[in-house]
Every structure is written in C-alpha cells, then in structure tokens.
Amino acid sequence: MAERYTVVEQEKINYRGLFDINELTKNIEKWLRTRSYDKRILLDEEHVYEKHKYIHMKWQPYKKITDYIKFELRIWIYITNVTSVTKEIDGVKKKLNHGDMDIIIDAFMYTDYENRWENRAMYFFIRTMFDKFIYKMETVKFESMIRDQAMELKAEISSFLNLYRFY
Amino acid sequence: MTRTYDLDKRFIKYKGIFDYSGVYRVIESWLKKKNFEFHEKKYKEKPFHIGPETEVTWEGEKRVTGTIKLYINIFFHLYDAVKTEIVVNGHKKQVINGRIVIEIWGKVVFDYAGEFEQSNFFKQIEKFLTSLPLKKEILFKYIDPLDYELYDLEVLIRKFLEMEFHESEYTKRLHDYEYSDMSFR
C-alpha cells in the first residue's frame, strides 16, 4: 500500500458574512488549475429549506509530481444558513450570499502511490532504504512543497473572503 | 485485451424543489449534442410511503476510432420525492420536492472490439502500443477532453438545478489560461 504522510492537518477558515459562492469556488478552482491539480469531487451537496440553504462540498484535488510522489489536498467546505442578498456595488446591483462558512484544508503526500515497490520483499526493502536514508532530503523537500501550497491556498481563500468585508 | 481508463466520479446531491423531467431532458439533449449514443441501462422504481424511490442508470457511448470508444455513465437516485405544483410565469408546472443524487463518471476504452485478443502476440503489441507510442495520445486526445466534457455536464446539471455553485473554472481549456495571462504587446 502507498504510504501517506499527513503534512497539513485541519487548517480552518471560519467566516460569517457576505460572499459569492460562485466566485469563491471559481477562485479556488483557478488556483488549483494554475498549479496543475486535477479536481476530484467527493461530494457536492445542497439542501434547500424554506428560508435558507445548506451547502456542503468535499473536494480532493491531487497532483502527480513524479511516478513515485503524489500530492493530495482535501478541501471541505460547509456553509450553513445561506441566504441571497442583493447589494449595490459601484452602482451595479449584484446578487451575493450571506451565511456561516467553515473551510477545512488538509494536505497529504503519498509515496509509491502505484504500489510498484511492494510486490516483493526485496523491493520493499530497497524502497524503505531509499525513503529513509538516501532519498530522505527529497522527501522532506516535497513535504515542504505541499505544506507551502496548502498554506498558500488558505491565504488565498482568506484574502478573497476578506474583500467582502468592505461591501 | 480491452484496456479501460476510468475517470474520476462526480457527485451532485440536491434536496429541494426541482424539475425532474427537466433534468432528464437536459442530460439527454447534452448527450445527443455531443454525439453520444444513449442507452437506458436500468430503470428501477420502488413504491415508498413518502414517494417513489427511483434509480436510473444511463450510458452514453461514442466510437471515436476503430479501436477507441468513449463512455459516459450517469446514475440518478431520486428519493423522498413528493409531486407538487408551482406557478411559473402564470403557468402551473408539476415539479418534485425531494432528494436527488446524481453520479457521473466516464471511461475511455482501447480495443473495445477485442481485436488484440486473438493471440498472445497481438496482446503484446497492444501492451506495447498503449504503454509507449500511443500513451500520450490516449491521455491528451481522449482522456483529458472527456474529463472536461464531464465537468461541462456537471456544471450544466448544477445550473439547471439552480444550485448556488454552478460555474467551474475546469470547463475552460488550459490554453485559455495561457493566452489570457500572456501579453503579446
């Protein structure tokens, strides 16, 4: 089985106020695409109630760095009490949303994600030796790479949501 | 040997009022527009005390070359469904108040007719072709575009259901970004 390293765990963003869900998700998607992540949707749920909506999204974008290393982010978005609000921005009426939002970001690094080095005991031994001693610096380098990317995404979302505070 | 390349599954879950037959029509017309042959593989309806529970599986298939076929599979699961009437622009319309789960996935099949299964020699040729000369062609010409088509369909369904998140950056092709960010002057 591929080995999973948890690099970033439960980085949270809590926000209450105005936002545009479409713009937010597009912004996240654009960030993912420009960094060559493939988007994987685990769940995209929307409940419509009489006065509000509940939105729940689970994304698990991934990127294959090499034949041996794969990055995976986990973005869970929970939005409760979503209502539609019309605001006038620079003389133009715009439909926005209002609600409570929780975004949780995790980041993982997988090694040997294709299970090529586990078929035989000898392969497994070689792989472990490489991972722990010879290739260790590389593994650490990739770990810091995905950590940076996860924190960059968090900063991107936070700064994007911060813009709505001025509306 | 038939070789299958599976694409990631997409899920849409919705609870509320929606036009079920409209969802049907939208997906069907999209598949026809994209030249997919369309089959209803399964239709299952169970009576239930709140409303009928319906499960439907569709498959769209398109022959691209003599060896490659594209498949799009769609699974609907409708439950807790109660028929209600709403008035749209002065006209009464029958809609569903319930829950719907839509799963979309696709696959690219190489050698769908099993032409390379004749002998061991042909099997080795097929293995060689898919792992070396045709590997990138299959990836960039068939798998990637099909993935974008699936995003397109997903966004279309979201828009039809009037979900809040109904636009995607993944429906744009990658070169849109390259040119939009590039300054030629």
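The values are calculated or read from the model by the stated rules, or taken from the named source; none is laboratory data. Fair warning: this is a prediction, and the values are worked out from it, not measured in the lab. Using ideal geometry, Cβ is built from the backbone for each residue, glycine included, and neighbour counts are taken over all protein chains shown.
Quick notes on this structure:
Here is a yes/no grid of residues against (1) in contact with a Cys (Cβ under 7 Å, 6 or more places away or on another chain); (2) acidic (Asp, Glu); (3) not in a strand (DSSP E or B):
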| residue | (1), (2), (3) |
| --- | --- |
| A:Gln10 | no, no, no |
| A:Leu32 | no, no, yes |
| A:Leu42 | no, no, no |
| A:Lys58 | no, no, no |
| A:Asp67 | no, yes, yes |
| A:Lys70 | no, no, no |
| A:Thr80 | no, no, no |
| A:Val85 | no, no, no |
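- Residues located in segment A:44-56, provided they are part of a strand (DSSP E or B) and either under 19 Å from A:Tyr110 (Cα atoms) or not aliphatic (A, V, I, L, M) (or both): A:Asp44, A:Glu45, A:Glu46, A:His47, A:Lys53, A:Tyr54, A:His56
- Where A:Val92 falls short, out of the listed (1) under 17 Å from A:Lys39 (Cα atoms); (2) out of contact with any Lys or Arg (no Cβ under 6 Å at 6 or more places or on another chain); (3) among the hydrophobic types (A, V, I, L, M, F, W, C): (1)
- Inside segment A:47-98, residues that are aromatic (Phe, Trp, Tyr) and more than 30 Å from A:Phe130 (Cα to Cα) make up a count of 5.
- Filtering segment A:1-42 to residues that are under 14 Å from A:Leu96 (Cβ atoms) and small (Gly, Ala, Ser) leaves only A:Gly17.
- Some residue of segment B:147-166 being modelled with pLDDT under 85, facing chain A (nearest Cβ under 10 Å), within 15 Å of A:Arg33 (Cβ to Cβ) and part of a helix (DSSP H, G or I): no
- Segment A:1-20, subset touching a Ser or Thr at 6+ places or on another chain (Cβ under 9 Å) and hydrophobic (A, V, I, L, M, F, W, C), residue surrounded by the fewest Cβ atoms within 10 Å (Cβ to Cβ): A:Ala2
- Of everything listed in (1) without any contact (Cβ under 8 Å) to a residue 40 or more places away in the chain; (2) surrounded by fewer than 18 Cβ atoms within 10 Å (Cβ to Cβ); (3) under 23 Å from the mean Cα position of the chain (by Cα), the single unmet condition for B:Phe165 is (2).
Quick grid of which residues meet (1) at the interface with another protein chain (Cβ under 8 Å from one of its Cβ atoms); (2) more than 22 Å from A:Leu163 (Cα to Cα):
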{"position": "A:Ile21", "(1), (2)": "yes, no"}
{"position": "A:Leu24", "(1), (2)": "no, no"}
{"position": "A:Asn27", "(1), (2)": "no, no"}
{"position": "A:Thr34", "(1), (2)": "yes, no"}
{"position": "A:Arg40", "(1), (2)": "yes, yes"}
{"position": "A:Glu50", "(1), (2)": "no, yes"}
{"position": "A:Tyr54", "(1), (2)": "no, yes"}
{"position": "A:Lys58", "(1), (2)": "no, yes"}
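- Positions within segment A:21-38 being touching a strand residue (DSSP E or B) at 6+ places or on another chain (Cβ under 6 Å) and crowded, with 18+ Cβ neighbours inside 10 Å, in sequence order: A:Ile21, A:Tyr37
- All positions within segment B:46-57 that are under 25 Å from B:Met163 (Cβ atoms) and either surrounded by fewer than 12 Cβ atoms within 10 Å (Cβ to Cβ) or in contact (Cβ under 8 Å) with a residue 60 or more places away in the chain (or both): B:Ile50
- Scanning segment A:90-112 turns up no residue that is under 23 Å from B:Ile102 (Cβ atoms) and surrounded by fewer than 17 Cβ atoms within 10 Å (Cβ to Cβ).
- Checked against the criterion of being outside any helix (DSSP H, G or I) and either touching a His at 6+ places or on another chain (Cβ under 7 Å) or over 19 Å from A:Ile75 (Cβ atoms) (or both), segment A:142-152 contains not a single residue that satisfies it.
- Filter pass, A:Arg74 being away from every other protein chain (no Cβ under 14 Å), surrounded by 17 or more Cβ atoms within 10 Å (Cβ to Cβ), among the basic types (Lys, Arg) and within 26 Å of the chain's Cα centre (by Cα): yes
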